[in-house]
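Please read the structure below before turning to the comments.
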Amino acid sequence: MIGPLDYSLCDRTVTIYRRHGDEIVRQVAEACYYSWKEVQRTDERGCRKDTTCLLLIPGDAQKVFVGDRVFDGIGPEVSAQDWAAFIPVKVAGLTQISYVQPHYWDGKLCHVEAGRK
């Protein structure tokens, strides 16, 4: 327990992917909370499939950033050539992060919340 918070629901493993130049950086994060669902959105262009998610990573290090892609569980190795096809609409359990919000307790980072609404 960090501060007054209980992280007992943080029992998931996720894989975080980030494109860094011509390389795909892949990191496995354990002891996270991760929830995702597929939704259908309607706008001026019509209907489209989208994925929403909530990711909570306890600890004192920020491991996820806006634009990262998160896979539920231990995900596959992805090459730079495969990156364009490795998208949420084609890969079940994959989401792309649109916001990251660090949370502090007593001046120390206790967890990072990230997701897509």
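The values are calculated or read from the model by the stated rules, or taken from the named source; none is laboratory data. Note that the structure is predicted; figures quoted are calculated from it, not measured. Every residue, glycine among them, receives a Cβ derived from its backbone with ideal geometry; neighbour counts consider all protein chains shown. These accessible areas exclude ligands, DNA and RNA; they are computed on the full protein's heavy atoms, side chains included. Shrake-Rupley method; radii C 1.70, N 1.55, O 1.52, S 1.80 Å.
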Of (1) in contact with a Lys or Arg (Cβ under 6 Å, 6 or more places away or on another chain); (2) modelled with pLDDT of 95 or more; (3) surrounded by fewer than 12 Cβ atoms within 10 Å (Cβ to Cβ), Arg48 fails just (2)
Filter result (of a type in the set (A, V, I, L, M) and assigned to a loop (DSSP other than H, G, I, E, B)) within the stretch 34-61: Ala61
Mind checking which residues of the stretch 1-27 are within 18 Å of Ile87 (Cβ to Cβ) and open to solvent by less than 60 Å² (accessible area, probe 1.4 Å)? Val14, Thr15, Ile16, Tyr17, Ile24, Val25
Being more than 10 Å from the chain's Cα centre (by Cα), acidic (Asp, Glu) and within 21 Å of Arg19 (Cα to Cα) narrows it down to one residue among Glu44, Glu113, Glu77; which is it? Glu77
I need the full set of residues from the stretch 1-32 which are more than 16 Å from Ala61 (Cβ to Cβ) and part of a strand (DSSP E or B), in order please. Leu5, Arg12, Thr13, Thr15, Tyr17, Arg19, His20, Glu23, Ile24, Arg26
Within the stretch 28-45, can you find the residues that are open to solvent by less than 60 Å² (accessible area, probe 1.4 Å) and out of contact with any Leu (no Cβ under 9 Å at 6 or more places or on another chain)? Ala31, Val39, Asp43
Only one of (1) touching a Lys or Arg at 6+ places or on another chain (Cβ under 9 Å); (2) at pLDDT 85 or above; (3) assigned to a strand (DSSP E or B) is not met by Val64, so which one is it? (3)
